[in-house]
Amino acid sequence: MLPPERQLFTVTVYSENCVGLLNQVSVIFTRRCLNIEDVSASASSVPDIHKLTLTTWADRPTMEKVVRQIEKRVDVIRAFLYTDDDIVYQEVALYKVPTPRLLESAAVEDIVRHHGARILEMTPDYTVIEKSGHPWETEALLNRLRSLDIRQFVRSGRVAVTKSPVEHVDIYLEQQRRRQLKLKDK
Amino acid sequence: MKQDNITNQRISGAEALVRSLLEAGADTVFGYPGGAILPVYDCLYDYADRLRHILVRHEQGAVHAAQGFARVSGRTGVVIVTSGPGAANVITGLSDAMADSTPLVVVTGQVGQQYLGSDAFQETDVVGITQPITKWAYQVRRAEDIPAAVARAFYIASTGRPGPVVLDIAKDAQIGTLDWLYEPVNFIRSYNPSPEIDTKLIAEAAEIINAATRPMILVGQGVTISGAEDALRNLAEKASIPVCSTLLGLSALPSDHRLMKGMLGMHGNLGPNINTNRADVIVAVGMRFDDRVTGNTELYAPDAKIIHIDIDQSEFDKTVRSTVAVHADAREALEALLPLVTDAGHNEWIDSFDRHNRVEDREVAAVELNRPEGSKLTMGEVISRVSEAIGDRAVAVTDVGQNQMMSARYFRFTRPRSFITSGGLGTMGFGLPAAIGAKIAAPHRQVCLFCGDGGFQMTIQELGTIMQYGVGVKMIILNNNFLGNVRQWQNLFYNRRFSQTPMLNPDFVRIAAAYGICGEDVSEREQLDAAIGRMLADDRPYLLNVRIDETDMVFPMIPAGSAVDRIFLSEGRIYNPDNWSEQ
Ligand SMILES: Cc1ncc(C[n+]2csc(CCOP(=O)(O)OP(=O)(O)O)c2C)c(N)n1
Ligand SMILES: [Mg+2]
């Protein structure tokens, strides 16, 4: 039997906002020797509910088990598994380049227009450029800026929202609210 | 004798912890004091009449004792230890309880808040270390959070798939004060331990069962945990389905029930293992297809549609794919199935289990149990003699190794919650403290421990606990002067190179005597029954050190990673079920 195909997965985890949550989630990857490509943590659209987005290369059967094991954690509300087709996603990249080099190259126009980037801050010393997009887009700008003696580059973890019309977390929370009411009646 | 739940009563965090434990239903705790938990121990002094504290001799023993307590009674076991080394010593037990779904609340003292993260004296990152091996681990830093944390801990530990929970309580939270108020928890937003049963799936499962010609039920500990023993029996009897058990599922159905066909897995019985690969339908209830049960999963149950019933969704399709996965409490699921199933007889199929098992009786059990005169005793002989003598209500506790597998094979179970053993983790040293906890939880049941000479010495200091509290545990050391189980593998797979498995042992009876515990050595077959008689004559603890043939091996055996129907009856002798003449 061929080993199952590896692909890039995005896992989103909705949880209570508690200390050590990231640790609880990341050890589940560690146990299976899965490298987390990137991770971002933020608030979600529901007050008090926290959202983690992680990406990793793996095969689907493994990831289905990982997601169930994440969901099993008591502090986790729901966890979901996606491939790139299921989601709209972006990353933000920042680039720091020396201002003199930038100006003498006359690249600013190209950077802003062609790459759709923004100048965040410009001092006589350095300029910080911001671009959000898919990894290959921020990567393309990085390559463009290499010739300008780029000093720093950083890219955020992926942020993603689903294309699905159904909001599964809301459904879960509604079910739990009904369960809680029933328990109160008892 | 509960304290009144009055508000506006200023008490310390330590007292709030003790009162909260009482509110949560605890009456016994196992523990060991130290600096970071001293405020709690000071308070336990005042509550000694309501909360019984058992002082163990090592924190590992506290956890195993609490596990024995929990597994016999179905109640949540409670442990209290100090920070740093005390907390580090509970790791093995937590991991064991996690693997075997045992409800525990383990309270660890922690350094004061201002010292957290500073490598302070006896500070260790308890939550960080224990998170991956517990159901929930939580640090409490303020006195006023203690009652709610305890209530939550008990709720999490005991519901859904039970498991160990750690509460790491900073010392200043123990000292600080709060207005006493305890409210039980029965709801956590991020957690649903009682999923609603999907009736469509139940109907689908029933249809598959009713169409089966060769069905079998595999029971795991989930049946015991959910109290589904009657539901299991009713379903098996109504639909005439043979029942086989995992190691931890043993005693859910009495050994002599006509549909109980034995144990699954590496050292299981012939009928269950051979027929796993011949069944057309498998109903797996509260079990998780551990590799010791399945062997090679690619060759496992090739003809079977699998109906998997479990409270833990993450077990579905983890090692073995199911046709129908029912996410539910085992009892609820079995009760829902009952009216939908029909009796299809399956007589020939049921008989086929007995046919295989008869071969095992003759080729394996008879060899183990009927030794030539003058030969050394075997474990099987001792266990079956004790099992016969000890009567109906006994609890068998085991350690890990040959003693454990032989106990699973030769002890006869008549009642639920009668077999306490370390399954998922296989922790040597589990037996003695677990037996202590079991006896404390069930003082009116006989509790006997079957233990190896190796494992006994891993937690031997708990003889002190037996002495101090007069715990009437009957200890049987199956003494082969070897790490027998490892020896068996070296014998079969490593060219008889017995690397680091022979053991020079102390005089166990004299050690017991030093703890004021009676006991005797047994080396001859003729001595055995009388010695067992003396051991069971009263309620006191007793130790039998039985000299066992070190060359004896546990059979049948499925080598690790083989198909479950590739079974050795003895060394080099494979069972060929289709080509076996019944003499
Ligand atoms: C804590 C721990 N260490 C090591 C092992 C590996 N192990 C499994 S069985 C066994 C031998 C047990 O010997 P003994 O206690 O004398 O029991 P016997 O098999 O002889 O009945 C060992 C070393 C284990 N299961 N647990
Ligand atoms: Mg031994």
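At a glance:
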{"item": "Matching entry among B:ARG409, B:ARG415 (being in contact (Cβ under 8 Å) with a residue 12 or more places away in the chain and more than 16 Å from ligand 1 (Cβ to nearest atom))", "result": "B:ARG415"}
{"item": "Tally, over the stretch B:200-256, of residues that are within 21 Å of the chain's Cα centre (by Cα) and not charged (D, E, K, R)", "result": "26"}
{"item": "Subset of the stretch B:288-312 that is farther than 21 Å from B:VAL554 by Cβ and among the hydrophobic types (A, V, I, L, M, F, W, C) - its residue that is most open to solvent (accessible area, probe 1.4 Å)", "result": "B:LEU299"}
{"item": "Pairs with Cβ under 7 Å, 6+ apart, first in the stretch B:483-509 and assigned by TED's automatic domain parsing to the domain that holds B:VAL400 and more than 12 Å from ligand 1 (Cβ to nearest atom), second of a type in the set (Asp, Glu) and open to solvent by less than 60 Å² (accessible area, probe 1.4 Å)", "result": "B:VAL509/B:GLU520"}
{"item": "Strands (runs of 3 or more DSSP E) (entirely within the stretch A:61-130) containing at least 2 residues that are within 14 Å of chain B (Cβ to nearest Cβ) and in contact with a helix residue (DSSP H, G or I) (Cβ under 8 Å, 6 or more places away or on another chain)", "result": "A:76-82"}
{"item": "Any hit, the stretch A:139-152, residues being part of a helix (DSSP H, G or I), within 17 Å of the chain's Cα centre (by Cα), free of Cβ contacts under 8 Å to residues at least 60 places away in the same chain and away from every other protein chain (no Cβ under 14 Å)", "result": "yes"}
{"item": "Total residues in the stretch B:121-165, condition open to solvent by 20 Å² or more (accessible area, probe 1.4 Å) and more than 19 Å from B:GLU23 (Cα to Cα)", "result": "17"}
{"item": "Subset of the stretch B:496-510 that is among the hydrophobic types (A, V, I, L, M, F, W, C) and within 15 Å of ligand 2 (Cβ to nearest atom) - its residue that is surrounded by the most Cβ atoms within 10 Å (Cβ to Cβ)", "result": "B:PHE508"}
{"item": "Tally, over the stretch B:375-398, of residues that are over 15 Å from B:ILE477 (Cβ atoms), outside any strand (DSSP E or B) and either in contact with a Pro (Cβ under 8 Å, 6 or more places away or on another chain) or open to solvent by less than 80 Å² (accessible area, probe 1.4 Å) (or both)", "result": "8"}
{"item": "Helices (runs of 4 or more DSSP H) (entirely within the stretch B:140-216) containing at least 3 residues that are in the same structural domain as B:THR342 (by TED's automatic domain parsing)", "result": "B:199-211"}
{"item": "Selection count, the stretch B:486-495, where residues are within 12 Å of ligand 2 (Cβ to nearest atom) and open to solvent by 50 Å² or more (accessible area, probe 1.4 Å)", "result": "1"}
{"item": "Filter result for the condition that a residue is surrounded by fewer than 18 Cβ atoms within 10 Å (Cβ to Cβ), touching a Gly at 6+ places or on another chain (Cβ under 8 Å) and not assigned by TED's automatic domain parsing to the domain that holds B:ASP453, over B:ALA513, B:ALA560", "result": "B:ALA560"}
{"item": "Candidates B:ILE548, B:ILE567, B:ILE574, filtered to the one that is within 26 Å of B:GLU298 (Cα to Cα) and within 27 Å of the chain's Cα centre (by Cα)", "result": "B:ILE567"}
{"item": "Residue in the stretch B:468-479 that is within 16 Å of ligand 2 (Cβ to nearest atom), surrounded by fewer than 23 Cβ atoms within 10 Å (Cβ to Cβ) and modelled with pLDDT of 95 or more present", "result": "no"}
{"item": "Among residues of the stretch A:14-40, those that are more than 9 Å from chain B (Cβ to nearest Cβ) and open to solvent by 80 Å² or more (accessible area, probe 1.4 Å), counted", "result": "6"}
{"item": "Test: residue in the stretch B:446-453 that is within 16 Å of ligand 1 (Cβ to nearest atom) and assigned to a helix (DSSP H, G or I)", "result": "yes"}
{"item": "Qualifying residue in the stretch B:264-285 (condition: farther than 30 Å from B:GLY13 by Cβ, open to solvent by 30 Å² or more (accessible area, probe 1.4 Å) and within 14 Å of chain A (Cβ to nearest Cβ))", "result": "no"}
{"item": "Subset tally (residues that are among the aliphatic types (A, V, I, L, M), under 30 Å from B:GLY249 (Cβ atoms) and within 14 Å of another protein chain (Cβ to nearest Cβ)) for the stretch B:100-129", "result": "1"}
{"item": "Meets criteria (under 16 Å from the mean Cα position of the chain (by Cα), farther than 20 Å from B:ILE517 by Cα and either without any contact (Cβ under 8 Å) to a residue 12 or more places away in the chain or within 11 Å of ligand 1 (Cβ to nearest atom) (or both)) for B:GLY426", "result": "yes"}
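The values are calculated or read from the model by the stated rules, or taken from the named source; none is laboratory data. Predicted, not measured: the structure shown is a model, and the values here were computed from it. Note that we place each Cβ from the backbone using ideal geometry, even for glycine, and neighbour counts take in every protein chain shown. With ligands, DNA and RNA removed, areas are computed over all heavy atoms of the protein, side chains included. Shrake-Rupley method; radii C 1.70, N 1.55, O 1.52, S 1.80 Å.
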